[in-house]
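The block underneath contains the structure these notes are about, expressed in structure tokens.
Just so it is clear, none of the values below were taken in a lab; they were calculated from the coordinates. Note that the coordinates shown come from a computational prediction; the quantities given were computed from them, not determined experimentally. Neighbour counts run over all protein chains shown; Cβ positions are idealised from the backbone, glycine included.
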Amino acid sequence: MLNGEKLADMKEHANQTFASAEALLNAAGTDLGVTEWLEITQERVNQFADATGDHQWIHVDPERAANGPFGGCIAHGYLTLSLVNLFLPQLIEVQNLQMGVNYGCDKVRFPGPVPVGSRIRGRGEVVQVEQIKQAVQATIRVTVEIEGSDRPGCVIDTISRYTFNA
């Protein structure tokens, strides 16, 4: 679990920082780089299963999963998706804000399974930015890479709206 200090530390080390609406509006096509690696543990998968009620054996029964289609337990797709929220502050920081909100997401895909014990990281790219009334809307594509795999665990276009200080 992250405490406020750890989250603040990650924000201080975001790969890209945008300090104004103009800077963000000109950011389409910007490669945001990658985050730190994160190990997917059975404990994390079990906690997610408890939180969501999804106790399917491919996620929570290592003995049965060892003989299943993936050779072991895999993370829930939605667990992988939820970790994008952990990766975003490592990829991008938007400063001088009145407010920033998560507006939604588009094009969520789960191309490859994320095995328990594997390490994942986020790779970011600003794919679209537009002015929406007083706000700037940014679409950030986050690809959740699995160490040693050619296929990502998740690809999502996240949409955020930012209102800057005057």
Original post:
Which one is surrounded by the fewest Cβ atoms within 10 Å (Cβ to Cβ) among residues in region 107-145 that are without any contact (Cβ under 8 Å) to a residue 40 or more places away in the chain and assigned to a loop (DSSP other than H, G, I, E, B)?
Top reply: Lys133
**OP:** Among the residues of region 27-60, count how many are in contact (Cβ under 8 Å) with a residue 60 or more places away in the chain, at negative phi and part of a loop (DSSP other than H, G, I, E, B).
**Re:** 8
Subject >> Number of positions in region 39-81 that are touching a Pro at 6+ places or on another chain (Cβ under 9 Å), aliphatic (A, V, I, L, M) and closer than 26 Å to Asp106 by Cα >> reply: 3
Subject >> Members of region 61-102 that are part of a helix (DSSP H, G or I), within 20 Å of Val155 (Cα to Cα) and among the small types (Gly, Ala, Ser) >> reply: Gly77, Ser82
Original post:
Does any residue in region 71-85 that is buried (at least 17 other Cβ atoms within 10 Å of the Cβ) come within less than 7 Å, Cβ to Cβ, of a residue that is charged (D, E, K, R) six or more places away or on a different chain, and which pairs are these?
Top reply: His76/Asp54
**OP:** Check whether at least one residue in region 146-164 is of a type in the set (Phe, Trp, Tyr) and either part of a helix (DSSP H, G or I) or without any contact (Cβ under 8 Å) to a residue 60 or more places away in the chain (or both), and report yes or no.
**Re:** no
Original post:
Under the condition of being acidic (Asp, Glu) and under 18 Å from the mean Cα position of the chain (by Cα), which residue from region 114-145 is nearest to Leu83 (Cα to Cα)?
Top reply: Glu145
Original post:
Which residues, taken from region 108-139, are out of contact with any helix residue (DSSP H, G or I) (no Cβ under 7 Å at 6 or more places or on another chain) and over 23 Å from Asn46 (Cα atoms)?
Top reply: Arg123, Glu125, Val126, Val127, Gln128, Glu130, Ile132, Lys133, Gln134, Ala135, Gln137, Thr139
**OP:** Please enumerate the residues belonging to region 137-166 that are touching a Gly at 6+ places or on another chain (Cβ under 6 Å) and among the charged types (D, E, K, R).
**Re:** Arg151
